[in-house]
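The values are calculated or read from the model by the stated rules, or taken from the named source; none is laboratory data. These figures come from a predicted structure and were not determined experimentally. In this analysis, Cβ positions are derived from the backbone assuming ideal geometry, glycine residues included, and neighbour counts consider all displayed protein chains. Surface accessibility is based on the protein's heavy atoms, side chains included, excluding ligands, DNA and RNA. Shrake-Rupley method; radii C 1.70, N 1.55, O 1.52, S 1.80 Å.
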Amino acid sequence: MSDVLSAPLVVEFPFTRSLGPVQSAFLTGLRERTVLGVRTDDGTVLVPPVEYDPVTANELRDLVEVAPTGTVTTWAWNPSPRRDQPLDTPFAWVLVRLDGASTALLHALDAPGPESVRTGMRVRVRWAAARTGAITDIACFEPYEGAAAGGEPAPHTGEFADPVTGIVAPARLDYTHTPGRAQSAYLAALEGRRTVGERCPACRKVYVPPRGACPTCGVATAEQVEVGPRGTVTTFCIVNIKAKNLDIEVPYVYAHIALDGADLALHGRIAGIPYDQVRMGLRVEPVWVDGVRHPDHYRPTGEPDADYDTYKELV
Ligand SMILES: [Zn+2]
């Protein structure tokens with residue numbers, strides 16, 4: 001049995017979203033040092049605002065301006081900030097009910113230590129020096145001695161010059177991945193350009209890539225079975241949107257491929273054939289490039305197409 005592998009794994013992508021009128025007003029307001037909430041049908045003031053009433057589902061447009069000061073309703077200490085968190089020194093995650101709001105906003109509180117934080121403490125917004133129309137325009141909260149501002153929050157049109165209409169929210173998962181016994185063996189075999197799955201002792205299905213257990217029978221798999229290298233396209237899609245940092249011309253085809261001997265399709269890119277000629281049943285083989293542990297893509301073998309009955313259980 002080969003050694004179990006472990007390696008750092010980073011999954012990172014920019015998430016681009018457009019803003020509706022309420023979120024646009026909220027984020028543009030932050031850029032202008034103004035915190036907006038929205039009033040629901042029963043008079044509750046939600047901060048951050050939402051576009052639909054959580055109780056009646058009615059559309060909400062009744063914006064109000066709340067104070068940049070508030071009260072901590074609960075908190076948790078963060079002793080070791082991670083990359084891209086609001087502060088790079090230890091801080092508290094806090095829920096702050098801003099004066100005039102009925103609900104609390106999640107943000108960071110700059111405080112010297114957990115002993116200086118308590119539920120009920122007064123805080124105020126510390127604005128970021130450079131503001132772009134994002135929740136990070138509030139750099140963090142900081143302790144504040146003033147009493148709660150009284151009175152009803154004032155109505156606000158939500159109109160600003162040059163409103164923010166979209167944001168890019170970076171998403172990043174950064175962790176150590178340990179694939180376990182079965183996938184480690186699979187990855188080790190790929191180094192020799194072989195694809196190895198595991199057979200279920202009960203239903204006899206061969207899983208590729210193997211997960212170490214049969215999800216249908218609930219039993220461990222151990223018998224290793226080499227499959228492929230050739231396979232059959234069971235289904236596919238045509239990709240028309242170019243992914244960032246991916247140097248593949250669109251359109252291209254991404255397919256489910258059942259390798260010969262496997263009872264589960266894996267996916268891969270199909271090349272070496274015009275995209276509009278790829279079809280279910282197309283016979284393909286892997287194309288390897290040096291220094292990469294998985295096939296770069298699959299190309300047609302030139303064999304006759306597989307009969308649908310031979311792969312219909314794998315679609
Ligand atoms: Zn099974």
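Helix content alone sets the calculated 222 nm mean residue ellipticity of the chain: runs of n ≥ 4 DSSP H residues at -39500 (n - 2.57) each, divided across all residues, give -2500 deg cm²/dmol. By the Cα gyration tensor, the range 16-92 has an equivalent ellipsoid whose semi-axes, rounded to whole angstrom, run 28, 16, 13 from largest to smallest. Rounded to two decimals, what is Rg over Rh for the range 146-283 when you use alpha-carbon atoms and the Kirkwood radius? With Rg and the Kirkwood Rh in hand, the quotient comes to 1.26. What shape does the range 122-207 have by the C-alpha gyration tensor, where a ≥ b ≥ c are the square roots of the eigenvalues, rounded means a/c under 1.5, and otherwise prolate means a/b greater than b/c and oblate the rest? Judged from the Cα gyration tensor, the range 122-207 comes out prolate (a/c at least 1.5, a/b above b/c).
Peptides 169-177, 29-37, ordered by how many other C-beta atoms sit within 10 Å of their residues on average, highest first, read 29-37, 169-177.
With contacts taken as Cα pairs under 8 Å at a separation of at least 6 residues, the range 179-227 carries a relative contact order of 37 percent. Taking a sphere under 11 Å around the Cβ of G281 and counting the other residues whose Cβ falls inside, with K and R at +1 and D and E at -1, yields a net charge of -1. On the principal axes of its alpha carbon atoms, the range 1-60 extends 65, 30, 17 Å, with the longest extent given first. Size of the range 179-227: Rg and Dmax of its alpha carbons, in Å, are 10.0, 30. Once R0 is set to 25 Å, what does the formula 1/(1 + (r/R0)^6) return for the Cβ-Cβ distance between D296 and L9, expressed as a FRET efficiency to the nearest 0.05? Result of the calculation: an efficiency of 0.75. On a per residue basis, the convex hull of the C-alpha atoms belonging to the range 211-315 measures out at 137 Å³. The residues of the chain have, on average, 56 Å² of accessible surface per residue, using a 1.4 Å probe with all protein chains present. In terms of its Cα atoms, the chain spans 78, 44, 38 Å along the principal axes, sorted from long to short.
By its C-alpha gyration tensor, with a ≥ b ≥ c as the square roots of the eigenvalues, how is the range 12-171 shaped: rounded for a/c under 1.5, else prolate for a/b larger than b/c, else oblate? It is oblate, given that a/c is not under 1.5 and a/b is not larger than b/c. Measuring between their Cα centroids, the range 1-29 and the range 269-315 lie 31 Å from each other.
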